[in-house]
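The values are calculated or read from the model by the stated rules, or taken from the named source; none is laboratory data. Everything numeric here is computed off the predicted structure, so don't read it as measured data. Positions of Cβ are generated from backbone atoms using ideal geometry, with glycine treated the same way; all protein chains shown enter the neighbour counts.
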Amino acid sequence: MSATFLEVTYRHGRPFAAFLRLPRGPGARVDHTREVRPGMVVDFSEDDTPLGLEIVDPATADEDTLLGVLTEIRASGVSRGDLAPLWGNRAGRECRLNRIVRPAEAGPE
C-alpha cells in the first residue's frame, strides 16, 4: 500500500494547486472523478475507493471544509500534519516543510 502525500504547486510564491494522494493498493487506477465541493475533485477507483483529492485553489481551501470532505469520502490514513503545507504559516500555523534552511543553520555535513 502506498503512503499519503501532498503535492503543492506554487506560482509566484503562492500555492496554485494541490493534489493529495491517498493510500492505495498496488495496481489501483483512477476510474472516475467527482467534484465534491467547488474547487475540490476526488479521483475514485472502479470500486469507489478514493485515490486522490485535487484542490484547485489551495489558498482558499479551509481546514474544516477539507477535513469534512475527507470524512465524507471515507478517506483514511490522512492526518492534519499531512495537510500542513497547504496553510504554511497562515492563521498562525507553522510548517516545517515551508521553512528555508540557510547554510549556516544546516549544521555539519
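The residues on offer are GLU72, GLU54, and the sole one that is closer than 30 Å to HIS12 by Cα and at pLDDT 90 or above is GLU54. Determine whether PRO23 is in contact with a strand residue (DSSP E or B) (Cβ under 6 Å, 6 or more places away or on another chain), surrounded by 16 or more Cβ atoms within 10 Å (Cβ to Cβ) and in contact (Cβ under 8 Å) with a residue 24 or more places away in the chain. No: the conditions fail for PRO23. Within the stretch 59-73, the set of residues being over 11 Å from LEU86 (Cα atoms) and of a type outside the set (S, T, N, Q) comprises ASP64, LEU67, GLY68, VAL69, LEU70, GLU72, ILE73. Is it the case that some residue within the stretch 3-20 is touching an Asp or Glu at 6+ places or on another chain (Cβ under 9 Å), modelled with pLDDT of 95 or more, surrounded by 15 or more Cβ atoms within 10 Å (Cβ to Cβ) and of a type in the set (Val, Ile, Thr)? There is no residue in the stretch 3-20 that is touching an Asp or Glu at 6+ places or on another chain (Cβ under 9 Å), modelled with pLDDT of 95 or more, surrounded by 15 or more Cβ atoms within 10 Å (Cβ to Cβ) and of a type in the set (Val, Ile, Thr). Scanning the stretch 27-48 turns up no residue that is at pLDDT below 90 and touching a strand residue (DSSP E or B) at 6+ places or on another chain (Cβ under 7 Å). Taking each residue of the stretch 62-89 that is on the phi > 0 side of the Ramachandran plot and looking for partners that are at pLDDT below 80 with beta-carbon atoms closer than 6 Å, six or more apart or interchain, yields GLY88/CYS95; GLY88/ASN98.
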